[in-house]
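Written out below as structure tokens is the structure these notes cover.
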Amino acid sequence: EEASCFRREPCIMASQVLTMLVGEGAKLDVHGCKTVDMASSFGKALLEFTFIVMAAITLLLGINAAKSKAAGKVLFPVTFVTGISSIAYFSMASGGGWVIAPDCRQLFVARYLDWMITTPLLLICLGIVSGVDKWDIMALCLSDVLMVASFAFGALTVGNVKWVWWFFGICWLLHIIFALGKSWAESAKAKGGESSSVYSKIAGITVITWFLYPIVWVFAEGFGNFSVTFEVLIFALLDVISKAIFGLILMSGANTGYEAI
């Protein structure tokens, strides 16, 4: 084995990528860990339950999105949000989608891949409802990708640099929250119809839940105060609210039809 691996770090990376894909579980001696904080059987059950919830909501949203062109414009993006999230949760529930972080914790990289794709889609939904320019949507989506990437890099590092990455993520998050609460809200109000009412509901959910994510991160991937199982519980709850509940509100928000949004 030593002869086949001239450098240790590339071998570790290749091993963890293989683990993420096939779900066989990583070796405990990665990063010199003797023990690793892993999700318990209850944590795995939570992942399975969240997968079922996301899959069911995806089916419901998809059926309603297919009813008309106007409904599809509003609902198809969030349908992909819950659909992608259900795939990520299936990956985690089936034993894959994770690596061992340098701080000897089970790190679900599938969760970050999920966020990297689904959170921009949520912003696209908000942009459609508010009526902002497509370039405004693109700018906020880029900030979102940088935010998720920053938190992911922070989770994969130790020491002071972890908190530098966290700070970067917070900066991008503040840009998003400021835009959603000011210029996008003003655009939704000016658009008229039911856009302002629907936007205020889904934007409120987004701002509150997205603000809570990095706080949970501090005590989970940050200081490690939360166990991986408790981390799974809190992040799953936030995911269901920020994606599934978001989608249900968007689906039922237009009393006079999706053309009004």
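The values are calculated or read from the model by the stated rules, or taken from the named source; none is laboratory data. All values reported here derive from a predicted model rather than from experimental measurement. Cβ: placed from backbone, ideal geometry, glycine included. Neighbour counts: every protein chain shown. Remember, those area values only see protein heavy atoms, side chains included, never the ligands or the DNA or RNA. Shrake-Rupley method; radii C 1.70, N 1.55, O 1.52, S 1.80 Å.
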Open item on the list: From the phi angles alone, apply the Karplus equation (6.51, -1.76, 1.60; θ = phi - 60°) to region 105-116 and give each ³J(HN,Hα) in whole Hz, x where the residue is Gly or Pro.
Closed with: 10, 6, 10, 7, 5, 4, 5, 6, 5, 4, 4, 4
- [ ] Convert each backbone phi in region 43-54 into a coupling constant with the Karplus relation 6.51 cos²θ - 1.76 cosθ + 1.60 (shift: θ = phi - 60°), then list the ³J(HN,Hα) values in order as whole Hz, x for Gly and Pro.
- [x] x, 5, 5, 5, 4, 5, 5, 5, 4, 4, 4, 5
Task: Three-way shape call for region 181-253 based on the alpha-carbon gyration tensor, with the a/c threshold at 1.5 - done: oblate
Open item on the list: So for each of 83-91, 98-106 I average, over its residues, the number of other beta carbons within 10 Å; can you give me the resulting order with the highest mean first?
Closed with: 83-91, 98-106
Task: Highest-first arrangement of 130-140, 148-158, where packing means the average Cβ count within 10 Å - done: 148-158, 130-140
Task: MRE, 222 nm, helices only [DSSP H, n ≥ 4, -39500 (n - 2.57), over the chain, to nearest 500] - done: -23500 deg cm²/dmol
TODO: Given a cut-off of 23 Å, name the pairs among K162/K243; K67/K189; K44/K243 whose C-alpha atoms lie farther apart than that in the structure shown.
DONE: K162/K243; K67/K189
TODO: Return the sequence-ordered ³J(HN,Hα) values of region 225-234 in whole Hz as given by the Karplus equation 6.51 cos²θ - 1.76 cosθ + 1.60 applied to θ = phi - 60°, using x for Gly and Pro.
DONE: 5, 7, 5, 4, 5, 5, 4, 4, 4, 5
TODO: Count the net charge of all other residues whose Cβ sits under 15 Å from the Cβ of V218, scoring Lys and Arg as +1 and Asp and Glu as -1.
DONE: -1
Task: Part-to-part distance (alpha-carbon centres) for region 169-212 and region 75-99, which is given in Å - done: 24
Open item on the list: Give the lysines reachable from K73 as a straight Cα distance under 16 Å; neighbours fewer than 8 places away on the same chain don't count.
Closed with: K134
Open item on the list: If you roll a 1.4 angstrom probe over the protein chains with everything in place, what fraction of the accessible area of region 67-118 belongs to carbon and sulfur, to the nearest %?
Closed with: 76
Task: Size descriptor, Kirkwood hydrodynamic radius, that averages inverse alpha-carbon separations across region 27-149, Å - done: 16.1
Open item on the list: Give me Rg/Rg_expected for region 136-236, where Rg uses Cα atoms only and Rg_expected = 2.2 N^0.38 Å with N residues.
Closed with: 1.23
Task: Relative contact order for the chain, counting Cα pairs under 8 Å that sit 6 or more residues apart, in percent - done: 22
- [ ] Compute the Kirkwood hydrodynamic radius of region 63-210, taking the inverse of the mean of 1/r over all pairs of distinct Cα atoms, and give it in Å to one decimal.
- [x] 16.5
- [ ] Would you compute the Debye intensity of the chain from its alpha-carbon atoms alone, equal scatterers and no solvent, and pass along log10 I(q)/I(0) at q = 0.07, 0.08, 0.11 Å⁻¹ to two decimals?
- [x] -0.27, -0.34, -0.63
TODO: Name the long-range amide H neighbours of G224: under 5 Å, sequence gap of 5 or more, or other chain; modelled H, no Pro or chain starts.
DONE: none
- [ ] Could you tell me which trypsin sites (Lys or Arg not before Pro) in region 36-97 are loop residues by DSSP with no more than 16 other beta carbons within 10 angstrom of their beta carbon?
- [x] K67
Task: Local electrostatic count, V81, Cβ distance below 13 Å [Lys/Arg +1, Asp/Glu -1] - done: -2
Task: Accessible area (Å², per residue) of the chain, counting only protein heavy atoms and a probe of 1.4 Å - done: 48
Task: Cα-centre dipole for the chain with unit charges at Cβ (Lys and Arg positive, Asp and Glu negative), debye to 20 - done: 500
